[in-house]
Amino acid sequence: MRIYYSEDHRLHFPQAELSGGQFVTPFERPSRVEYVLTRLRERSLTDINAPAAVDMGPIRTLLDPGYLSFLETAWDDWKAEGMAGEIIAANVPARGMHMDRIPQNIDGKVGYYCHASETAITRGTWAAALSSVACAQSAQRHVAAGADAAFALCRPPGHHATADQYGGYCFINNAAVVAEMFRNSGAARVAVLDIDFHHGNGTQTIFYDRPDVMFVSLHGAPQETYPYFIGYADEKGAGAGEGANLNYPMTAGTGYDLWAQALDDAIARITAWGAQALVVSLGVDAYKDDPISFFKLESDDFTDAGRRIGRMRLPTVFCMEGGYAIEAVGVNTVNVLEGFKDA
Ligand code: OKP
Ligand code: ZN
């Protein structure tokens, strides 16, 4: 399986994540990717390629222009305002306030374009986010040209980023861009299967009213975990998109038996719907030792999950999302890919 990877992910490494009222070293850190690369090489998955230049076309189609220009200049604007540290959102529009009037001041803009203040922006964040989506785009082109599958080793991840908000360590929604590109390259119906522990709120929101892209997510129940305010089972899509959104929220302690039942149901629904291409938001934070998650999957379970996904026999792009038990991230990620190949 071909892999796309860019060293430019290293340009995004904020010092700080707001966690439990303290600033800690971010869980989403560059070394995560090193573990995946090491494991890929150990398993002779060595077709590792730098991505082609980013294509802003499909990104501009999906995302808000104001949001994109905010991301591009946020660091310079923040520094020009005399801010000493990294960009952290401190003021967000809340109940009773204006949700649609964009402040001029960068501190206000940050609050407007952010949905979760754990995520900091630093000098290289925009460049890294572009390199991440470039990997996803190259993977899509490879599959659209006839390959069975490709793996985009995206960092930073993408599935929490909406058309106009960052958060949850995500800035540009890589999986959504791939789905849009599959539509443009001739797939009438595209499914996004999100197996990251966290609900893919960004991807859901971007495609919520679209009948041509189905979003399916297995995740920790919103009553119990981030992103808290979305990801319920009764979110089924809107308007023409009704029926093309499917959530499987699961409670703390969920193990592979229940999780795999949800996966099988999800796969059956994607197949019945008639997807012609598949995007997998591949997070491995459902793992039992993940420090910020509460499912109980074992490493071997990821192989089995990959096998089940592979039996769909759809042209597939995997986009890396989360996974924070860093020494296990490589094994678990590559297990999914190997299970898929052996299906
Ligand atoms: C991103 B992806 C840690 C809380 C972290 C944000 C989680 C973002 C996960 N104290 N909250 O879906 O893996
Ligand atoms: Zn996650």
Heads up, region 127-183 by the C-alpha gyration tensor (a ≥ b ≥ c square roots of eigenvalues; a/c under 1.5 rounded, else a/b over b/c prolate, else oblate) looks prolate
Scalar couplings 3J(HN,Hα) for region 208-223 by Karplus 6.51 cos²θ - 1.76 cosθ + 1.60 (θ = phi - 60°), nearest whole Hz, x for Gly and Pro, are 4, 9, 9, x, 9, 10, 9, 10, 10, 9, 9, 6, x, 4, x, 4
Long-range amide H partners of Met250, meaning residues 5 or more apart or on another chain whose placed amide H is closer than 5 Å, are His219, Gly220, Ala221
Of the DSSP H helices in the chain, the ones reaching 24 Å or more along their long axis in Cα terms and averaging at least -0.5 in Kyte-Doolittle hydropathy are 125-144, 256-273, 326-342
Rounded to the nearest 10 Å², the 1.4 Å probe accessible area of Trp75 is 30 Å²
Listed by chain and number, the residues whose amide H is under 5 Å from that of Cys114, excluding neighbours fewer than 5 places away on the same chain and using placed H, are Tyr166
Counting Lys and Arg as +1 and Asp and Glu as -1 over every other residue whose Cβ sits under 15 Å from the Cβ of Ile106, the net charge comes to -3
Checking rank on 285-292, 222-229, 318-325, with mean other Cβ inside 10 Å and highest first, the result is 318-325, 285-292, 222-229
With a ≥ b ≥ c from the Cα gyration tensor eigenvalues, square-rooted, and the rule rounded for a/c under 1.5, otherwise prolate when a/b > b/c and oblate otherwise, the chain is rounded
Expected sort for 157-164, 50-57 on mean C-beta neighbours within 10 Å, highest first, is 157-164, 50-57
Residues whose built amide H sits under 5 Å from the amide H of Gly323, excluding neighbours closer than 5 in sequence, are Val284, Asp285
Summed over the other residues with a beta carbon less than 13 angstrom from that of Phe23, with K and R at +1 and D and E at -1, the charge totals -3
Going residue by residue through region 45-58, the Karplus relation 6.51 cos²θ - 1.76 cosθ + 1.60 with θ = phi - 60° gives ³J(HN,Hα) values, rounded to whole Hz and with x marking Gly or Pro, of 8, 10, 7, 9, 10, 6, x, 6, 4, 4, 9, 6, x, x
Excluding ligands, DNA and RNA, the carbon-plus-sulfur percentage of the accessible area of region 209-343 with a 1.4 Å probe reads 50 percent
With 0.36 nm assigned to each residue of separation and the Cα-Cα distance removed, Glu242 to Met83 gains 52.8 nm
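The values are calculated or read from the model by the stated rules, or taken from the named source; none is laboratory data. Quick caveat, the model's predicted, so the values are computed rather than measured. Positions of Cβ are generated from backbone atoms using ideal geometry, with glycine treated the same way; all protein chains shown enter the neighbour counts. Quick note on the areas: whole protein, heavy atoms, side chains included, nothing else; ligands and nucleic acids left out. Shrake-Rupley method; radii C 1.70, N 1.55, O 1.52, S 1.80 Å.
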